[in-house]
Amino acid sequence: MSFISGRLKGFQYATKGFYLLATTEHSIITQIGVSLIATVAGFYFEITKIEWLFQILAVGMVIGIEGLNTAVEKLSDFVHPEFHTQIGFIKDIAAGAVFWTALCAVGVGLIIYVPYICNLCF
């Protein structure tokens, strides 16, 4: 297998993985919806290039960490299908990482959009 065909195969696996994530996990579906709303808001308010960079980074981080959380949960359930305290602890930590990343993304969104919304009101 050549270098390029190996990269193309890896890209196919990654695309399939994102498709599975985006079509089967309700939290990702919700986060994609929120990111689409943020994208529309970005065009509406004509946010700056730097604001776009922060918004894209925040959205990417939340969706990426959620993907990792989903992988941890699926792997944990596969390894130990019954309830187990240590597996629950691991899953809670992974969910906490998503929660923290989402809070930070909300902070980024507030920093970007509150001034624009306030300008509309006054």
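The values are calculated or read from the model by the stated rules, or taken from the named source; none is laboratory data. Because the structure is predicted, anything quoted here is derived from the model rather than measured. All Cβ positions, even for glycine, are placed from backbone atoms using ideal geometry, and neighbour counts span all protein chains on display. In case anyone asks, the SASA skips ligands and DNA or RNA and just uses the protein heavy atoms, side chains included. Shrake-Rupley method; radii C 1.70, N 1.55, O 1.52, S 1.80 Å.
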Sort Lys74, Lys49, Lys9 by heavy-atom solvent-accessible area, probe 1.4 angstrom, most to least.
Lys49, Lys74, Lys9
What fraction, in whole percent, of alpha-carbon pairs in the chain exceed 22 Å separation?
50 percent
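Heavy atoms only, probe 1.4 Å: what % of the accessible area of the stretch 12-63 goes to carbon and sulfur, would you let me know?
About 76 percent, which is the carbon plus sulfur part of the accessible surface.
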Using the Karplus equation 6.51 cos²θ - 1.76 cosθ + 1.60 (θ = phi - 60°), what ³J(HN,Hα) coupling, rounded to whole Hz, does each residue of the stretch 55-63 give in order, writing x for Gly and Pro?
5, 4, 4, 5, 5, x, 5, 4, 5
Solvent-accessible area per residue for the stretch 31-122 (1.4 angstrom probe, square angstrom)
70 Å²
Place a point 7 Å from Cα of Glu73 in the direction of its Cβ. Which residues in the stretch 29-52 have their backbone N less than 15 Å from it?
29-32
Once ligands and nucleic acids are excluded and a 1.4 Å probe is used, how much of Val79 is accessible, expressed in Å² to the nearest 10?
100 Å²
Quick one: how many Å² of Thr15 are accessible to a 1.4 Å probe, rounded to 10?
70 Å²
Given the protein chains as shown and a 1.4 Å probe, how many square angstrom of Tyr19 are accessible, to the nearest 10?
140 Å²
In deg cm²/dmol, rounded to the nearest 500, the helical mean residue ellipticity at 222 nm of the chain, built from -39500 (n - 2.57) for every DSSP H run of length 4 or more, is -32500 deg cm²/dmol
Between the helical axis of 3-24 and the dominant principal axis of the chain, each derived from Cα atoms, what acute angle in degrees is found, rounded to the nearest 10?
80 degrees
A correct Karplus calculation of ³J(HN,Hα) over the stretch 71-87, with 6.51 cos²θ - 1.76 cosθ + 1.60, θ = phi - 60°, whole Hz and x for Gly and Pro, returns 4, 4, 5, 5, 5, 4, 5, 5, 6, 9, x, 7, 4, 9, 4, 5, 5
Using a probe of 1.4 angstrom, how much of the accessible area of the stretch 72-115 is carbon and sulfur, in percent?
77 percent
Quick check: with the 1.4 Å probe, what order do Glu46, Glu82, Glu66, Glu73 take by accessible area, largest first?
Glu46, Glu82, Glu73, Glu66
Please get the size of the charge dipole for the chain, origin at its Cα centre, with Cβ charges of +1 on Lys and Arg and -1 on Asp and Glu, quoted in debye to the nearest 20.
420 debye
Probe radius 1.4 Å, ligands and nucleic acids left out: which of His84, His26 has the largest accessible area, and how do the rest follow?
His26, His84
